[in-house]
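First up is the structure itself, then whatever we jot down about it.
The values are calculated or read from the model by the stated rules, or taken from the named source; none is laboratory data. None of these values were measured; they are calculated from a predicted model. No Cβ is skipped: glycine too gets one built from the backbone with ideal geometry, and neighbour counts run over all protein chains shown.
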């Protein structure tokens with residue numbers, strides 16, 4: 001309760017008892033005084049009066065100099081005043097200040113290493129060969145991004161520059177971009193044939209190749225009338241499956257002669273990187289003809305054992321659908337489609353897989369068991385039955401990913417894998433899509449794994465913490481029971 005200040009001594013009623021009530025003051029006998037609802041000039045009331053019978057608490061134990069403390073209304077008014085507290089009385093113990101956590105503990109938490117606010121840029125060297133001052137600054141920004149192992153760069157007018165590092169956004173200590181600077185940077189990267197589309201549609205996606213630092217997947221767009229850039233850094237060295245920590249079963253699925261293999265997950269879950277590792281595995285170990293159709297091209301695969309042609313939508317072909325149709329006449333063993341984003345591209349991929357081609361692609365959904373249902377969502381109800389039977393025939397596997405921070409730094413993908421076994425394909429054919437998750441749980445001998453089982457194994461191996469596992473898992477109650485040693489059968493499919 002806020003502290004109460006007393007009224008001046010001369011304003012107090014002489015030789016009178018003061019009565020406080022919860023509501024309006026009661027009528028008192030003549031000679032006694034009562035307080036009106038409105039305080040007398042110079043008088044300050046607290047925010048609320050105490051309820052009847054409640055003790056009165058004051059924020060300050062002693063009255064401020066020049067003020068008179070209120071007496072207990074039930075005390076004898078003729079009693080001598082209480083002796084003042086000695087000045088040298090022991091003060092109340094102070095609350096301990098928040099101590100700085102040890103450095104070892106701070107290293108475990110990214111947010112403690114980099115609290116909110118500007119982060120100083122790394123040591124960069126301006127490229128004097130770049131004559132334009134604005135583009136020289138942009139080169140330094142890219143250099144800083146590479147030095148910090150940045151995944152994404154975010155630039156927009158009149159706002160600080162941000163990097164995404166280990167899944168966390170960080171402000172960078174660079175000048176605030178202006179409209180003129182943003183327009184110059186965008187024009188220095190965008191292919192000339194896409195400039196009219198950018199001016200008309202106010203957005204464009206393209207790839208940008210920097211000779212010193214590598215490739216970037218760029219999305220330029222307008223937000224609230226201001227230009228913005230989102231740039232995904234594509235590392236030139238294609239990581240292997242062991243470096244990524246993905247299941248060897250992903251490589252086995254890529255080796256299939258025909259069918260459809262889909263990678264699922266949200267944006268930033270590492271789908272493209274895993275698919276790149278699968279293609280590179282084929283490139284190093286098999287003699288195949290691979291055609292990729294991407295928007296834009298991300299990883300560049302130099303021919304090793306395979307013959308690889310990479311086509312970029314907007315440069316080498318106008319649409320995914322047209323490129324897929326043409327690919328069937330180009331003698332492919334494997335066709336990689338950057339993303340199945342609509343009904344037409346899905347239908348083309350199913351047709352290619354049905355003709356004996358191996359098709360790799362990605363789709364946005366949260367679990368492997370929901371992939372068939374997600375594909376059907378693009379079709380009207382009257383067409384879904386025939387499409388579902390086509391999916392049951394060609395689906396060879398679905399891999400869903402969720403990125404998890406590792407103990408000690410870095411990220412690792414947790415995977416849920418569904419293989420197109422006869423059991424899984426029969427459930428899809430019969431329309432029992434709600435039983436696919438249980439099919440994965442009871443098919444561990446076939447190599448399938450759920451997110452919960454993957455999280456459990458990563459914790460047991462000391463790769464991630466239990467807190468991360470509970471945050472990323474699909475069923476917290478089941479995972480908690482496993483940690484307690486309680487294993488419950490999923491029942492009959």
* **Test: residue in the stretch 390-397 that is within 22 Å of residue 453 (Cα to Cα) and assigned by TED's automatic domain parsing to the domain that holds residue 325** => yes
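Conditions (1) modelled with pLDDT under 95; (2) buried (at least 22 other Cβ atoms within 10 Å of the Cβ); (3) touching a helix residue (DSSP H, G or I) at 6+ places or on another chain (Cβ under 6 Å), marked per residue:
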residue	(1), (2), (3)
258	yes, no, no
268	yes, no, no
278	no, yes, yes
286	no, no, no
308	no, no, no
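Filter the stretch 140-163 down to residues that are in contact (Cβ under 8 Å) with a residue 40 or more places away in the chain and either closer than 24 Å to residue 298 by Cβ or in contact with a helix residue (DSSP H, G or I) (Cβ under 9 Å, 6 or more places away or on another chain) (or both), then give me how many there are. Give the derivation first.
Filtering the stretch 140-163 down to residues in contact (Cβ under 8 Å) with a residue 40 or more places away in the chain leaves 142-143, 145-146, 150-158, 160.
Applying the additional criterion that residues be either closer than 24 Å to residue 298 by Cβ or in contact with a helix residue (DSSP H, G or I) (Cβ under 9 Å, 6 or more places away or on another chain) (or both) yields 142-143, 145-146, 150-158.
Total satisfying the criteria: 13.
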* Which one of the conditions (1) exposed (fewer than 15 other Cβ atoms within 10 Å of the Cβ); (2) more than 19 Å from residue 214 (Cβ to Cβ); (3) in contact (Cβ under 8 Å) with a residue 24 or more places away in the chain does residue 169 fail to meet, given that it meets all the rest? -> (3)
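Residue 345 - would you say it is farther than 28 Å from residue 245 by Cα and either outside the structural domain of residue 290 (by TED's automatic domain parsing) or surrounded by fewer than 22 Cβ atoms within 10 Å (Cβ to Cβ) (or both)? Before the answer, list the steps.
Numbers: farther than 28 Å from residue 245 by Cα: yes; either outside the structural domain of residue 290 (by TED's automatic domain parsing) or surrounded by fewer than 22 Cβ atoms within 10 Å (Cβ to Cβ) (or both): yes.
So residue 345 passes the test.
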* Structure fact -> Here the residues within the stretch 339-356 that are closer than 17 Å to residue 264 by Cα and touching a residue at least 60 places away in the same chain (Cβ under 8 Å) are 340, 349, 350
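Whether any residue in the stretch 216-226 is part of a helix (DSSP H, G or I) and over 21 Å from the mean Cα position of the chain (by Cα) is what I want to check.
Of the stretch 216-226, the ones part of a helix (DSSP H, G or I) are none.
No: zero hits.
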* Qualifying residue in the stretch 191-207 (condition: touching a strand residue (DSSP E or B) at 6+ places or on another chain (Cβ under 9 Å) and within 30 Å of residue 412 (Cβ to Cβ)) -> yes
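Just checking, which of 208, 216 is outside the structural domain of residue 286 (by TED's automatic domain parsing), touching a helix residue (DSSP H, G or I) at 6+ places or on another chain (Cβ under 7 Å) and at pLDDT below 95? Before you say what the answer is, go through the steps one by one.
Working: 216 fails: touching a helix residue (DSSP H, G or I) at 6+ places or on another chain (Cβ under 7 Å).
Residue meeting the stated conditions: 208.
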* Structure fact -> Pairs returned, first residue in the stretch 216-245 that is within 15 Å of residue 177 (Cβ to Cβ), second residue that is assigned to a loop (DSSP other than H, G, I, E, B), beta-carbon separation under 6 angstrom, 6 or more apart or interchain, are 222/202; 226/157; 227/157
* **Matching entry among 371, 359 (being crowded, with 22+ Cβ neighbours inside 10 Å, within 33 Å of the chain's Cα centre (by Cα), in contact (Cβ under 8 Å) with a residue 60 or more places away in the chain and part of a helix (DSSP H, G or I))** => 371
* **Residue match in the stretch 292-307 (condition: closer than 20 Å to residue 355 by Cα, within 33 Å of the chain's Cα centre (by Cα) and assigned to a strand (DSSP E or B))** => yes
